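Student: Have a look at this one.
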Amino acid sequence: MKIAIAIAAHPDDIEFGMAGTLLLLRKAGWEIHYLNISTGNCGSIEMSPAKTRTVRRKESKAAAKLLGAHWHAPFCDDLEIVYDSKSLRRLSAVIREVKPSIVLTHSPQDYMEDHTNTCRLAVTATFTHGMPNFLSTPQRPPFFHDVTIYHAMPHGLCDPLRRRLMPGAFVNTTTVHEDKLLALAAHQSQQGWLDVSQGMNSYLAAMEEMSRTLGNMSRKFKHAEGWRRHLHLGYSSAPVDPLGDALGRDFLINKTYEKNLIKGI
């Protein structure tokens, strides 16, 4: 069975930069999974943390249903996603239950620590997929097939020091853009919060702008998501690219990025 999982920090993070790729994988016959590590409890200026958790859980389940994805429950709160053994063992159990061949997660460089810590946890939890002596919580048996990790583009397409980051590949999300937009719109509670906290005007418009910007960067697609593939060592027996294999013409390698990798830039 071909299986992919998206692992993000907060409810709506998957919809911003990963959902188009998930939708295309589902269309290509893949089983897709959806996990936000945090409950999103701080994402409101009107509701209490407890109420916000409840509302955002309902919204994320609705979004996952729209995507056709299996939803997994969060196990942290906002700003409490830390790289520790407790969180690592929880996430390792999810990875072992799902048994993915593709893991989609945040960029190692992003604008906030919840995103970067989620990335670190996802990378290490995936590394443990074939380690019998590492005990997950709850305990789950390891699996031994190849897994490939892909990192989404950070919010603002920059690292925390304002340097522009380039994708290693573009995924053409034009045909699934409206479905991606509908899934993001399921997070209705975020409109007012993001307006006030981050000046996004409209969180839907913010996603649209990022999608079009990446499409323009590809010089081929109207809407796109960008990805950088993690080093295969410790995850797969060879530097395979299952996302490219699965998506075919909707997957475009950024030749400039690849050339710079060879040059060490």
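Student: All but one of (1) farther than 24 Å from residue 21 by Cα; (2) touching a residue at least 12 places away in the same chain (Cβ under 8 Å); (3) not aliphatic (A, V, I, L, M) hold for residue 148, so report the exception by its number.
Tutor: Of everything listed in (1) farther than 24 Å from residue 21 by Cα; (2) touching a residue at least 12 places away in the same chain (Cβ under 8 Å); (3) not aliphatic (A, V, I, L, M), residue 148 misses just condition (1).
Student: Still on this model: Output yes when any residue across segment 196-203 is in contact with a strand residue (DSSP E or B) (Cβ under 9 Å, 6 or more places away or on another chain) and more than 22 Å from residue 250 (Cα to Cα), and no when none is.
Tutor: Taking every residue of segment 196-203 in turn, none turns out to be in contact with a strand residue (DSSP E or B) (Cβ under 9 Å, 6 or more places away or on another chain) and more than 22 Å from residue 250 (Cα to Cα).
Student: Restricting to segment 214-265, and then to whatever is acidic (Asp, Glu) and not in a loop (DSSP other than H, G, I, E, B), can you tell me which residue is farthest from the chain's Cα centre (by Cα)?
Tutor: Top of the filtered list is 258.
Student: Related question: Exactly one of these conditions fails for residue 45: (1) β-branched (Val, Ile, Thr); (2) over 15 Å from the mean Cα position of the chain (by Cα); (3) assigned to a helix (DSSP H, G or I). Give me its number.
Tutor: For residue 45, the exception is condition (3).
Student: Moving to a separate point now. Quick check on this structure: which one of 50, 19, 62 is out of contact with any Phe, Trp or Tyr (no Cβ under 7 Å at 6 or more places or on another chain), more than 25 Å from residue 208 (Cβ to Cβ) and either touching a residue at least 24 places away in the same chain (Cβ under 8 Å) or not polar (S, T, N, Q) (or both)?
Tutor: Matching residue, one of 50, 19, 62: 50.
Student: Of the conditions (1) of a type outside the set (A, V, I, L, M); (2) over 13 Å from residue 189 (Cβ atoms); (3) out of contact with any Cys (no Cβ under 7 Å at 6 or more places or on another chain), residue 57 satisfies every one except a single condition; which number is it?
Tutor: It is condition (2) that residue 57 fails.
Student: Being within 12 Å of residue 102 (Cβ to Cβ) and surrounded by fewer than 16 Cβ atoms within 10 Å (Cβ to Cβ) is the filter here, so list the residues in segment 242-265 that pass it.
Tutor: 245
Student: Here's another thing I want to ask about it. Condition first: farther than 26 Å from residue 56 by Cβ and either modelled with pLDDT of 95 or more or loosely packed, with under 12 Cβ neighbours inside 10 Å (or both). Can you find one or more residues in segment 192-210 that meet it?
Tutor: Within segment 192-210, none of the residues are farther than 26 Å from residue 56 by Cβ and either modelled with pLDDT of 95 or more or loosely packed, with under 12 Cβ neighbours inside 10 Å (or both).
Student: When you scan segment 84-99, do you find a residue that is under 14 Å from residue 10 (Cα atoms), among the aliphatic types (A, V, I, L, M), within 18 Å of the chain's Cα centre (by Cα) and modelled with pLDDT of 95 or more, even just one?
Tutor: no
Student: Checking residue 104 against (1) touching a Cys at 6+ places or on another chain (Cβ under 9 Å); (2) surrounded by 23 or more Cβ atoms within 10 Å (Cβ to Cβ), which single condition isn't satisfied?
Tutor: All conditions pass for residue 104, except number (1).
Student: How many residues are loosely packed, with under 14 Cβ neighbours inside 10 Å and free of Cβ contacts under 8 Å to residues at least 60 places away in the same chain if we restrict to segment 27-47?
Tutor: The total comes to 1.
Here is a yes/no grid of residues against (1) in a helix (DSSP H, G or I); (2) within 13 Å of the chain's Cα centre (by Cα); (3) within 30 Å of residue 203 (Cβ to Cβ):
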residue	(1), (2), (3)
115	yes, yes, yes
119	yes, yes, yes
132	no, no, no
143	no, no, no
156	yes, no, yes
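Student: If you don't mind, there's one more thing I want to ask. Which of the residues that make up segment 35-80 are of a type in the set (Val, Ile, Thr) and touching a strand residue (DSSP E or B) at 6+ places or on another chain (Cβ under 6 Å)?
Tutor: Across segment 35-80, the qualifying residue is only 37.
Student: Criterion first (part of a helix (DSSP H, G or I) and either charged (D, E, K, R) or surrounded by fewer than 22 Cβ atoms within 10 Å (Cβ to Cβ) (or both)) does residue 79 satisfy it?
Tutor: no
Student: Let me ask another. Identify the residue in segment 48-67 that is among the polar types (S, T, N, Q) and surrounded by fewer than 18 Cβ atoms within 10 Å (Cβ to Cβ) and, among all such residues, is farthest from residue 181 (Cα to Cα).
Tutor: Filtering segment 48-67 for residues that are among the polar types (S, T, N, Q) and surrounded by fewer than 18 Cβ atoms within 10 Å (Cβ to Cβ), the one farthest from residue 181 (Cα to Cα) comes out as 48.
Student: Does any residue of segment 27-37 turn out to be at pLDDT below 95 and in contact with a helix residue (DSSP H, G or I) (Cβ under 6 Å, 6 or more places away or on another chain)?
Tutor: no
The values are calculated or read from the model by the stated rules, or taken from the named source; none is laboratory data. This structure is a prediction, so every number in the text was calculated from the model and none was measured. We place every Cβ from the backbone using ideal geometry, glycine too, and count neighbours over all the protein chains shown.
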